[in-house]
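Report on the following structure.
The values are calculated or read from the model by the stated rules, or taken from the named source; none is laboratory data. Everything numeric in this text was worked out from a predicted model, so none of it was measured. Positions of Cβ are backbone-derived with ideal geometry, glycine not excepted, and every protein chain shown enters the neighbour counts. Keep in mind that these areas ignore ligands, DNA and RNA; they rest on the heavy atoms of the full protein, side chains included. Shrake-Rupley method; radii C 1.70, N 1.55, O 1.52, S 1.80 Å.
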Amino acid sequence: MIKFKIETWGCQMNEYDSQKMAGILKKAGYIETQSEKDAEIIILNTCSVREKAVHKIHSRLGVLKKRFKGEKILGVCGCVASQEGRALLEKVPYLQFVLGTRSTHLISKAVEQAQNGMRFLDADDHESEMDHPVTFAERSGQTKAYISIIEGCDNFCTYCVVPYTRGREHSRPLQTILDEVRDVVQNKNIHEIELLGQNVNSYNYRGTRFPDLLEAVSAEPGVQRLRFLTSHPKDFSERLVRVIAANSNICRTIHLPMQSGSDVILRKMGRKYTRAEYLEKIEMIREILPENWLSSDFIVGFPGESEKDFMETMDVIRSVKYDNLFSFKYSPRPGTAALKLKEPAVLNSAASRRLSILQHTQEQIQLNKHLRMINRIFPVLVESVSKKNPDFLTGRTEGNHVVHFKAGRGAQLIGRIVNVEIKSVTMASLKGVLI
Ligand code: 5AD
Ligand code: SF4
């Protein structure tokens, strides 16, 4: 039996693609392993959103070459594969195949060819392949199922490589999404669904828009928790928030990436909303959903970002008080419009300082918010036995907080939603007792 290992970098979309590829390979008779030594086939599913991520892939390829050159089949999929395509195959002679983000369905063909000594390249835009229901994705051992609803992005924010690696927006047919939801709930016994897209709010399948889709998935029997990721603020509507409010199984958890609190920078980023418009959406969410969990992405050090611009970002962070934040130093990406901006680059030392101020401030905000959760009871979806202490289970709240709690009945609770009273907190996680 031939074993394969998939290593995944980057976002949830890549994780979903890896699950699809694992499902296809298993169906074709291969066996999945987590051990690189046992694997005859090693597949890197890659991310290129920031330069650092691409460096990591190249250094991983270097390590694999040293350890196993000629012994194993090596393939690269995902965003680096889409972006570099043939050049990657030419640059890395010990690589057997390169598959772009829209070619994942060709994984077993790529592996077969490699086994016959032939190299394989496909980074084309196989749009219609995405229209098939994905009932074979590998989901064993999971308590949450990612389901892609829209691929690609048409927004072309000036810093972002995604529209070049994941192509134009393509909404999956409603029926194939619902088929996948049913398969997950009925056959895989998974009750939390996370709908994925670079911008879920642009979902449009023959007039069915995202709020309609969300309503339809929420109505499926067995869907206990429903989330979605990511929303572009310009398309984030009141109607969507009202659908969330009307359905108790939709998490009041909203990720609304702002990127910068400065109008000058937002304009240069091509984000198509102002600071005031963004803050109005936050107000609207808080009015309609009194209990809510908000998170965001911010970039510091975008070309031309002054101290004043950065202070405007900090001002938003201090006033909104997000429950979670993802923050990054700007990383110039090949082919993006930001490379052509005339504004001077921000010194790396200044960008690092800004990032650390932002992250330190957020840590304090998060800790204070966590402290307010003490002695309150929250439903927690149990995910696993704690890695540190086998007497403890680990799960997540509706707001995505990691919760550790002691549980005598242990593993049989995995996959279920239980009530936990929070007893102590850190900046990163919560500890509680089963009620
Ligand atoms: N540099 C830094 N961060 C980036 N992101 C996207 N492109 C870049 C880049 N070139 C961040 C954005 C986005 C998140 C997924 O990654 O904040 O929301
Ligand atoms: Fe990138 Fe902007 Fe599209 Fe998000 S909306 S994937 S940041 S181009």
- Determine whether Ala411 is of a type in the set (A, V, I, L, M, F, W, C), outside the structural domain of Val184 (by TED's automatic domain parsing) and not in a strand (DSSP E or B). yes
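Residues are listed down the side, and each one gets a yes or a no for (1) under 26 Å from Ser296 (Cβ atoms); (2) modelled with pLDDT of 95 or more; (3) buried (at least 19 other Cβ atoms within 10 Å of the Cβ):
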residue	(1), (2), (3)
Ile357	yes, yes, no
His370	yes, yes, yes
Arg376	yes, yes, no
Pro379	yes, yes, no
Val385	no, no, no
Asn389	no, no, no
Thr397	yes, yes, yes
Val403	yes, yes, yes
- Report, by residue number, each residue of region 109-148 that is closer than 30 Å to Thr230 by Cβ, in contact (Cβ under 8 Å) with a residue 40 or more places away in the chain and hydrophobic (A, V, I, L, M, F, W, C). Ala123, Met130, Val134, Phe136, Ala137, Ala145, Ile147
- Task: Scan Arg333, Arg275 and give me the residue that is farther than 30 Å from Met373 by Cα and buried (at least 18 other Cβ atoms within 10 Å of the Cβ).
- Result: Arg333
- Query: Applying the selection to region 233-263, what residues are open to solvent by 10 Å² or more (accessible area, probe 1.4 Å), within 16 Å of ligand 1 (Cβ to nearest atom) and under 17 Å from Leu195 (Cβ atoms)?
  - Reply: Asp235, His255
- Message: For region 73-92, check the following and say yes or no: at least one residue is under 20 Å from the mean Cα position of the chain (by Cα), on the phi > 0 side of the Ramachandran plot and assigned by TED's automatic domain parsing to the domain that holds Thr46.
- Response: yes
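So which of Tyr159, Tyr164 ends up being of a type outside the set (Asp, Glu), within 16 Å of ligand 1 (Cβ to nearest atom) and within 15 Å of Arg102 (Cβ to Cβ)?
Numbers: Tyr159 fails: within 15 Å of Arg102 (Cβ to Cβ).
Going through Tyr159, Tyr164 in turn, just one is of a type outside the set (Asp, Glu), within 16 Å of ligand 1 (Cβ to nearest atom) and within 15 Å of Arg102 (Cβ to Cβ): Tyr164.
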- Query: So which residues in region 131-180 are part of a strand (DSSP E or B) and among the charged types (D, E, K, R), if there are any at all?
  - Reply: Lys144, Glu151
- Output for Cβ contacts, cut-off 7 Å, separation at least six or different chains, first residue free of Cβ contacts under 8 Å to residues at least 40 places away in the same chain in region 62-74, second of a type in the set (Phe, Trp, Tyr), reads Lys65/Tyr94; Lys69/Tyr94; Leu74/Tyr94
- Message: Tell me whether region 101-123 contains one or more residues that are within 24 Å of Ala53 (Cα to Cα), within 16 Å of ligand 1 (Cβ to nearest atom) and in contact with a helix residue (DSSP H, G or I) (Cβ under 9 Å, 6 or more places away or on another chain).
- Response: yes
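Output the residues belonging to region 172-184 that are open to solvent by less than 10 Å² (accessible area, probe 1.4 Å) and within 11 Å of Gly222 (Cβ to Cβ).
Step one: of region 172-184, the residues open to solvent by less than 10 Å² (accessible area, probe 1.4 Å) are 172, 177, 180-181, 184.
Within region 172-184, Val181, Val184 qualify.
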- Task: Please find, within region 149-169, the residue that is nearest to ligand 2 (Cβ to nearest atom) out of those that are surrounded by fewer than 19 Cβ atoms within 10 Å (Cβ to Cβ) and either among the charged types (D, E, K, R) or free of Cβ contacts under 8 Å to residues at least 60 places away in the same chain (or both).
- Result: Pro163
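Given the options Phe392, Phe405, Phe328, name the one that is closer than 22 Å to Val264 by Cα and either among the aromatic types (Phe, Trp, Tyr) or outside the structural domain of Arg225 (by TED's automatic domain parsing) (or both). Walk me through how you get there before you give the answer.
Working: Phe392 fails: closer than 22 Å to Val264 by Cα; Phe405 fails: closer than 22 Å to Val264 by Cα.
Only one candidate passes the filter, namely Phe328.
In this structure, does Ser18 turn out to be of a type in the set (Gly, Ala, Ser), open to solvent by 20 Å² or more (accessible area, probe 1.4 Å) and at pLDDT 95 or above?
Details: of a type in the set (Gly, Ala, Ser): yes; open to solvent by 20 Å² or more (accessible area, probe 1.4 Å): no; at pLDDT 95 or above: yes.
So Ser18 fails the test.
Before we move on, is Pro221 under 22 Å from Asp323 (Cβ atoms) and in a loop (DSSP other than H, G, I, E, B)? Please lay out each step first, then the result.
Details: under 22 Å from Asp323 (Cβ atoms): no; in a loop (DSSP other than H, G, I, E, B): yes.
In short, no.
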